[in-house]
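Q: The structure that follows is given in the form of structure tokens.
The values are calculated or read from the model by the stated rules, or taken from the named source; none is laboratory data. Just so you know, these numbers come straight off a predicted model, no measurement behind them. Cβ atoms come from the backbone with ideal geometry, glycine included; neighbour counts cover every protein chain shown. Surface accessibility is based on the protein's heavy atoms, side chains included, excluding ligands, DNA and RNA. Shrake-Rupley method; radii C 1.70, N 1.55, O 1.52, S 1.80 Å.
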Amino acid sequence: MSTTKQIEYTKTSSVPVSAATCFNWHAAQGAFARLNPPFAPVQILEEPDELKAGAEVLIRVPTPLPFFGIKWRLTHPEYVEGEYFRDTQVKGPFKSWEHTHNFKDLDANTSEMKDVLKFALPLGILGRIFGAPIVKKQLSALFNYRHTILNLDMETLKNNNEPLHILISGSSGLIGSALIPYFTTQGHKVTRLLRSEGEKSEGTEYWDYENRTTTIDSNQKFDVVIHLGGVNLAGGRWTNKRKNQMLKSRTDSTAFLSEIITSLKTPPKVFLCASAVGIYGTTNADPREEDSAVGDLYSSRIVDEWEKATKRVSEAGIRVVNLRFGMVLSPLGGALKKFVFPAKMGAGGKLGNGKNLISWISMEDVLGVVTHSINNTDLSGPVNVVANDMYSNKGLIKSICKVLRRPCLFPVPALILILMFGKQMAKETIFVSTSVSNKKLIDSGYKFKFPELEEALRHMLGKV
């Protein structure tokens, strides 16, 4: 390919594994999804099962206009295993595009990963003058994110003991969607437990906990079972019907999955079941630990009953970890997604009086804690999955506005939120104050990837 009138961008990092290991990670199923930035995610429309010459990828790239995207087809024309592979544009937004991923050993335990991009923009000289600075800025944010993820995952990979077979329910949710490419690039086999009707196939099992049916039989073997199911507490007004759905979707599903697990002839090594810091209800500034009393909110009752539904598994001698998640921060969903949009528009501001405390956790540390919980055989029972510090809702939103370089001038009165969501839902999801300690997690040896809020926000919002 001619390099005349092309623009070049390069990003280089050293990683704590061999070039062969780093190459194989990139070639694994899910690598593209794992490197997909949450601040500008592309939609993967077609993806090959393996890296090979001639394989093609079709993605949809987001644009500033909502509901519109640009389709971009790329191919891998060539590669040399352990050394490099290349992507070139078949059809897409660039006049030409070539991306070479280079891998080179530096010593026995370290290698260099270098991304070299050569591209040409449409509109000739006008594209180079006006478009190139914008594209380079976007590429800088993208590859800073990608290389951070790469180094974090290489640190995990070099400490992996063995490939595992992991069964995940709730795999299409915010956490499940992040876990699957994370696990597959680490060399683990993932089976999704889906509620839709279908026949079992490679990588898929089905269940209906309401009618207590499943395609899983007692002869199957899973090293790890992860349960992430449950109707979203913030997904709609809390009518009596919805409150019952929120409770039953957690307790009934967990009870039936516990029955499935204990019926397996070869039990899993560990059962990780999602939970929430909402079990403590509204707290003062004194951080709650795992043995603190259950709160008096309806959401506290839900979480308490949810955790009790795992008792059958622990009584069978299988290690159970109840992951009490704080507010999981990701711009792809949850509270952060709701906060980021108005902040980007310059309309960010505290909710109500802004004083309620929020215990949070970055998505990268959710993945880290899940891995830590699988590997640390001494860890069991409820575990608070929260970062080192907590913020008022005013402080959290102010930090988001700071990272996005936007004003934080438009508070939302409590009355408006109560009218929108209802008094009980607003009280238990928006205005609830939850001060939680992570001492048990830290004492178990977990090292945070993003212990501080601003650093976490800059990473996930592409503002490093």
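Q: Go through region 178-202 and report how many residues are within 25 Å of residue 158 (Cα to Cα) and surrounded by fewer than 18 Cβ atoms within 10 Å (Cβ to Cβ).
A: 2
Q: Okay, moving on. Within region 391-398, identify whether any single residue is touching a residue at least 24 places away in the same chain (Cβ under 8 Å) and under 19 Å from the mean Cα position of the chain (by Cα), and answer yes or no.
A: No, region 391-398 has no match at all.
Q: Just one of (1) out of contact with any strand residue (DSSP E or B) (no Cβ under 9 Å at 6 or more places or on another chain); (2) without any contact (Cβ under 8 Å) to a residue 60 or more places away in the chain trips up residue 346, so point out which.
A: Of the numbered conditions (1) out of contact with any strand residue (DSSP E or B) (no Cβ under 9 Å at 6 or more places or on another chain); (2) without any contact (Cβ under 8 Å) to a residue 60 or more places away in the chain, the odd one out for residue 346 is (2).
Q: Among (1) part of a loop (DSSP other than H, G, I, E, B); (2) buried (at least 16 other Cβ atoms within 10 Å of the Cβ); (3) aliphatic (A, V, I, L, M), which single condition is residue 367 missing?
A: Only one criterion is unmet by residue 367, namely (1).
Q: Here is a follow-up. Please determine, by comparing only the residues of region 205-227 that are assigned to a strand (DSSP E or B) and open to solvent by 20 Å² or more (accessible area, probe 1.4 Å), which one is farthest from residue 265 (Cα to Cα).
A: Step by step, filter region 205-227, then rank; the result is 208.
Q: Restricting the first residue to region 401-430 and requiring it to be of a type in the set (Lys, Arg), which pairs with a second residue that is open to solvent by less than 80 Å² (accessible area, probe 1.4 Å) meet a Cβ separation below 8 Å and a spacing of at least six or different chains?
A: Pairs found: 402/408; 402/454; 406/343; 406/346; 406/348; 427/297.
Q: Would you be able to say whether some residue in region 269-287 is acidic (Asp, Glu) and at pLDDT 95 or above?
A: No; the residues of region 269-287 include none that is acidic (Asp, Glu) and at pLDDT 95 or above.
Q: Applying the selection to region 118-169, what residues are among the hydrophobic types (A, V, I, L, M, F, W, C) and part of a strand (DSSP E or B)?
A: Hits for region 118-169 are 119, 120, 166, 167, 168.
Q: Determine whether region 169-186 contains at least one residue that is at pLDDT below 95, out of contact with any strand residue (DSSP E or B) (no Cβ under 9 Å at 6 or more places or on another chain) and over 25 Å from residue 307 (Cβ atoms).
A: No, region 169-186 has no match at all.
Q: How many residues does region 261-306 contain that are within 25 Å of residue 427 (Cβ to Cβ), in contact (Cβ under 8 Å) with a residue 40 or more places away in the chain, part of a helix (DSSP H, G or I) and open to solvent by 30 Å² or more (accessible area, probe 1.4 Å)?
A: Counting residues in region 261-306 that are within 25 Å of residue 427 (Cβ to Cβ), in contact (Cβ under 8 Å) with a residue 40 or more places away in the chain, part of a helix (DSSP H, G or I) and open to solvent by 30 Å² or more (accessible area, probe 1.4 Å) gives 3.
Q: Of all residues in region 209-238 being in contact with a His (Cβ under 8 Å, 6 or more places away or on another chain) and of a type outside the set (Val, Ile, Thr), which is farthest from residue 432 (Cα to Cα)?
A: Only one residue fits best here, namely 221.
Q: Restricting attention to region 220-260, and to residues there that are of a type in the set (Lys, Arg) and touching a residue at least 12 places away in the same chain (Cβ under 8 Å), which single residue is nearest to residue 177 (Cα to Cα)?
A: Restricting to residues being of a type in the set (Lys, Arg) and touching a residue at least 12 places away in the same chain (Cβ under 8 Å), the top hit is 250.
Q: On to the next question. Could you go through region 404-413 and let me know if any residue there is modelled with pLDDT of 95 or more and open to solvent by less than 20 Å² (accessible area, probe 1.4 Å).
A: yes
Q: Moving on to the next point. Quick check on residue 119: is it within 20 Å of residue 151 (Cβ to Cβ), in contact with a helix residue (DSSP H, G or I) (Cβ under 9 Å, 6 or more places away or on another chain), open to solvent by less than 20 Å² (accessible area, probe 1.4 Å) and not charged (D, E, K, R)?
A: no
Q: Further question: Does region 52-71 hold any residues that are in contact with a Phe, Trp or Tyr (Cβ under 9 Å, 6 or more places away or on another chain), open to solvent by 30 Å² or more (accessible area, probe 1.4 Å) and either part of a loop (DSSP other than H, G, I, E, B) or not basic (Lys, Arg) (or both), and which are they?
A: Within region 52-71, 52, 53, 61, 62 qualify.
Q: If we keep just the residues of region 343-363 that are under 12 Å from residue 389 (Cβ atoms) and hydrophobic (A, V, I, L, M, F, W, C), which is surrounded by the most Cβ atoms within 10 Å (Cβ to Cβ)?
A: 361
Q: Assess whether residue 74 counts as being outside any strand (DSSP E or B) and open to solvent by less than 40 Å² (accessible area, probe 1.4 Å).
A: no
Q: Across region 427-449, which residue is least open to solvent (accessible area, probe 1.4 Å) among those that are under 12 Å from residue 369 (Cβ atoms) and under 22 Å from the mean Cα position of the chain (by Cα)?
A: Of everything passing the filter in region 427-449, 441 is least open to solvent (accessible area, probe 1.4 Å).
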